[in-house]
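Engineer: The structure that follows is given in the form of C-alpha cells.
The values are calculated or read from the model by the stated rules, or taken from the named source; none is laboratory data. All figures in this text were calculated on a predicted structure; none of them were measured in a lab. Methodologically, a virtual Cβ is constructed for each residue, glycine included, from the backbone with ideal geometry; neighbour enumeration extends over all protein chains shown. Heavy atoms of the whole protein, side chains included, go into the accessibility calculation; ligands, DNA and RNA do not. Shrake-Rupley method; radii C 1.70, N 1.55, O 1.52, S 1.80 Å.
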Amino acid sequence: LAARQLVKTLAVIRARAGLTQQEVAARMGCGQAKVSKIENGLDADVRFGDVVAFLNATGHEARIQLVPAGLKRADEVKQHAFRIK
C-alpha cells in the first residue's frame, strides 16, 4: 500500500470531482487507458507530468514542499510561517 499512496489519492480526487476516467482522459488529451494505468500503477511508475496533467484535469494543482529530512511537523509549520512573512 505504501507504494500506491499517490495513485490511490489521484483516484479519490477524480471520484470526488465527479469525473469518469474517460472524462479525465479527454481533458488530459489522452486515452482512458492511460488514466486507468495511472490510477492502478505504482507511485514510482507515474511520471510527474502525468500527475500534473491529471490534477489540472480534475481542477487541482500540485504543490511540492521541500523540507530537511527528519524535520518535525511543528518545525515545518514554523518554517512555512517564516517564509510567508
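Engineer: How much of the accessible area of the stretch 1-52, in percent, comes from carbon and sulfur atoms when a 1.4 Å probe is used?
Structural biologist: Answer for the stretch 1-52 is 54 percent, counting heavy atoms of protein chains only.
Engineer: Any aspartates and glutamates with Cα under 15 Å of the Lys34 Cα? List them, leaving off those in the same chain fewer than 8 positions away.
Structural biologist: Glu23, Asp43, Asp45, Asp50
Engineer: Quick check: the angle from helix 5-16's long axis to the longest principal axis of the chain, C-alpha only, nearest 10 degrees?
Structural biologist: 60 degrees
Engineer: Sticking with this structure for a sec: Please identify every one of the trypsin sites (Lys or Arg not before Pro) in the stretch 9-76 that sits in a loop by DSSP and has no more than 14 other beta carbons within 10 Å of its own beta carbon.
Structural biologist: Qualifying residues, ordered by number: Arg47, Arg63, Lys72.
Engineer: Here is a further query. For Rg/Rh (Cα atoms, Kirkwood Rh), several values are listed as [x] 0.94; [y] 1.08; [z] 1.01; flag the one computed from this structure.
Structural biologist: [y]
Engineer: So what's the net charge close to Val67: Lys and Arg +1, Asp and Glu -1, counting the other residues with Cβ under 14 Å from its Cβ?
Structural biologist: Neighbourhood net charge equals +3.
Engineer: Also, I was wondering about something else. I want to verify a result. In a Gaussian network model of the chain, Cα cutoff 10 Å, which of these has the top mean-square fluctuation: Leu42, Leu66, Leu55?
Structural biologist: Ranking Leu42, Leu66, Leu55 by mean-square fluctuation puts Leu66 first.
Engineer: By how many degrees, 0 to 90 and rounded to 10, does the Cα axis of helix 73-84 deviate from the longest principal axis of the chain?
Structural biologist: So the helix axis and the longest Cα principal axis differ by about 90 degrees.
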